[in-house]
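The values are calculated or read from the model by the stated rules, or taken from the named source; none is laboratory data. Since the model is a prediction, treat every value here as computed from it, not as a measurement. So basically every Cβ, Gly included, is an ideal-geometry build from the backbone, and we count neighbours across all protein chains shown.
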Amino acid sequence: MLDEDVVIRDFRNSNERFLILNVLLMIGLPSLFFGGNSSFVIGLFCALGILAPINTFNYIYSWSPSLAAPISKYAMAILPFVAGIAITCLSWANPIFHSYEGASGLLFTMDTAPKSIPVMASDNLLSPLLDDFTVLAAVMCALSIYFITNSRFVIRKVLCFSSYMAVAFLVLGLAIGFVCSLGVVGEREPTSAFATFTDASDWASYATIWAGAAFAMAVYSEQRFRLLPIAYSARFHSLLAAFLLWGSALYSGKPLQCLISSAIGFFALAVLAVDIVPLKFNASRHEALRYISSHSRRLKKMVLPFAVYAILSVCAFILTLFYAQKILADTRLVYAAPDGSGSITYAEKMALFDDAKKMIGDHKLFGCGSSSFAAAFSFYQGSDIGSAAWPNAGSDLLQKLAENGVVGFIFSSITFVGFLLVWIFRFSYSASGLVMMSTIAGILILAVFETPFESPAVLVSFWVLAMSAFRWDSSRIG
């Protein structure tokens, strides 16, 4: 290799190394600290998000043969989210939530008359901006994957390291819970917390994402056929991480989350089984078998791993059927536990949805403003769900429509839909890419009935996996 080639590769790799570090920090920080439910952590998260476009522009300026095309594409990708921030700034001029001192203390009023202009119902001017910048930071971090690297090797590192990090948080959280249960450190509140997250449902979504990523990397990795090489192989490590995260998602998740997670696991394991079916055309595709001259010996070596994957996929299929039958027998489980064993009952969630729809109906175009649901909803909240404040609408879809309206929903969807259409019409699909896309589809379905994206850790994980999937099939191998 020429000296100048070494220099070029080193500088190019420096952008990719920074990309990996930045992504891991942005995923790890909110994941370690309660799923991101901390203002201090969100501040750091947004600060790290600013570094992503700097690294991206540095790469484009240094290595792109044409500056205009990649910069314009990047600007178009983040423009809808910047427009959302601009709408939030405009809404400050139209506050509809007011407070004043009354004879009995501090009183609040809100103008609930339907409006077709951006309004602000939040009682804190900075909170809406922080919410918008959190989303923008997550998107910019994920976009750096798409614009900086065209190597599956780099994307694989990002996904594998992120999956392993999720396993580390799982072990850490369980260890802390175990120590607290012994009374060594202190009592741990008997809440819905799980691992390092304050909400078990958020952890289930987070674990499902990274289990799907780990399964995808297992599909992509080469199958080994001897015991020691298997133990050291990337496929085994990815599968180990996937099963640990998958199990934690099934343990901590609600019925719908368990159904989605088990379906993703079944699909991934079925792909692994099909990949190693003892047939001639399959034998020629595995690098480790090419050094065996006898065709019959090649097929014999494929029998055991095929049997293992086939059995596991059948078990996952039975598990999927179990959760599907459970939900079909009682469709209320799609929304909540009807017996109230969860954080919200079915009756409460239906009432929450109905009241949220009334709120959406009054502010269809622009909503009540980012981070305004808790304040604005108190004026729509019926007596059937009590007098306590509700922090969210119980559904990411309803939450987005309530806070940002149809315009905000369209702006938040344009970038994802655009990249999705490019991926679809490229007509180049790999098995590992399809596993990633199945995971993304599962989380989007979940967001209609639950609020996974309320957690910054889940939000950035989703975007990182999505951009990795969109870039994966157009990237070079190696």
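Only one residue in Lys280, Lys301 is in contact with a Phe, Trp or Tyr (Cβ under 8 Å, 6 or more places away or on another chain) and more than 30 Å from Leu250 (Cα to Cα), so which one is that?
Lys301
Within segment 112-153, can you find the residues that are among the charged types (D, E, K, R) and either under 14 Å from Phe462 (Cα atoms) or within 27 Å of the chain's Cα centre (by Cα) (or both)?
Answer for segment 112-153, where residues must be among the charged types (D, E, K, R) and either under 14 Å from Phe462 (Cα atoms) or within 27 Å of the chain's Cα centre (by Cα) (or both): Asp131, Asp132, Arg152.
Which of the residues that make up segment 265-292 are out of contact with any Lys or Arg (no Cβ under 8 Å at 6 or more places or on another chain), surrounded by fewer than 23 Cβ atoms within 10 Å (Cβ to Cβ) and among the small types (Gly, Ala, Ser)?
Ala270, Ala273
Please specify each residue of segment 209-235 satisfying the condition of being outside any helix (DSSP H, G or I), surrounded by 19 or more Cβ atoms within 10 Å (Cβ to Cβ) and not polar (S, T, N, Q).
Selection gives Arg224 alone.
Might you let me know whether segment 319-327 holds any residue that is part of a helix (DSSP H, G or I), aliphatic (A, V, I, L, M) and free of Cβ contacts under 8 Å to residues at least 60 places away in the same chain?
yes
Kindly indicate whether Ser343 is over 30 Å from Phe225 (Cα atoms), surrounded by fewer than 17 Cβ atoms within 10 Å (Cβ to Cβ), within 29 Å of the chain's Cα centre (by Cα) and of a type outside the set (A, V, I, L, M, F, W, C).
yes
Okay, residues lined up against (1) more than 17 Å from Val41 (Cβ to Cβ); (2) assigned to a loop (DSSP other than H, G, I, E, B); (3) at pLDDT 90 or above:
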site	(1), (2), (3)
Leu143	yes, no, yes
Phe147	yes, no, yes
Leu159	yes, no, yes
Tyr164	yes, no, yes
Leu170	yes, no, yes
Gly173	no, no, yes
Pro190	yes, yes, no
Ala207	yes, no, yes
His237	yes, no, yes
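Using beta carbons and a limit of 8 Å, which pairs, at least six apart or on different chains, have the first residue in segment 34-48 and β-branched (Val, Ile, Thr) and the second one outside any loop (DSSP other than H, G, I, E, B)?
Val41/Leu29; Val41/Pro30; Val41/Phe34; Val41/Pro456; Ile42/Pro30; Ile42/Leu130; Ile42/Thr134; Ile42/Pro456
Scan segment 271-308 for residues that are of a type in the set (D, E, K, R) and part of a helix (DSSP H, G or I) and jot them down.
Asp275, Lys280, Glu287, Arg297, Arg298, Lys300, Lys301, listed by residue number.
Could you please find all residues in segment 245-264 being more than 20 Å from Leu328 (Cα to Cα) and surrounded by 18 or more Cβ atoms within 10 Å (Cβ to Cβ)?
Correct list: Leu245, Trp246, Ser248, Ala249, Ser252.
Take the conditions surrounded by fewer than 16 Cβ atoms within 10 Å (Cβ to Cβ) and over 25 Å from Arg226 (Cβ atoms) and apply them to Thr331. Does it pass?
yes
Are any residues in segment 351-393 in contact with a strand residue (DSSP E or B) (Cβ under 9 Å, 6 or more places away or on another chain) and of a type in the set (Gly, Ala, Ser), and if so, which ones?
Of everything in segment 351-393, those that are in contact with a strand residue (DSSP E or B) (Cβ under 9 Å, 6 or more places away or on another chain) and of a type in the set (Gly, Ala, Ser) turn out to be Gly369, Ser370, Ser372, Ala375, Ala376, Ser378.
For (1) hydrophobic (A, V, I, L, M, F, W, C); (2) under 21 Å from Ile477 (Cβ atoms), each residue gets a yes or a no:
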position: Phe215; (1), (2): yes, yes
position: Pro229; (1), (2): no, yes
position: Ala234; (1), (2): yes, yes
position: His237; (1), (2): no, yes
position: Phe243; (1), (2): yes, no
position: Gly253; (1), (2): no, no
position: Gln257; (1), (2): no, no
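Considering only segment 61-76, state which residues are more than 18 Å from Val23 (Cα to Cα) and surrounded by 17 or more Cβ atoms within 10 Å (Cβ to Cβ).
Pro70
Out of everything in segment 419-472 that is closer than 26 Å to Gly28 by Cα and among the charged types (D, E, K, R), what residue ends up being nearest to the chain's Cα centre (by Cα)?
Glu454
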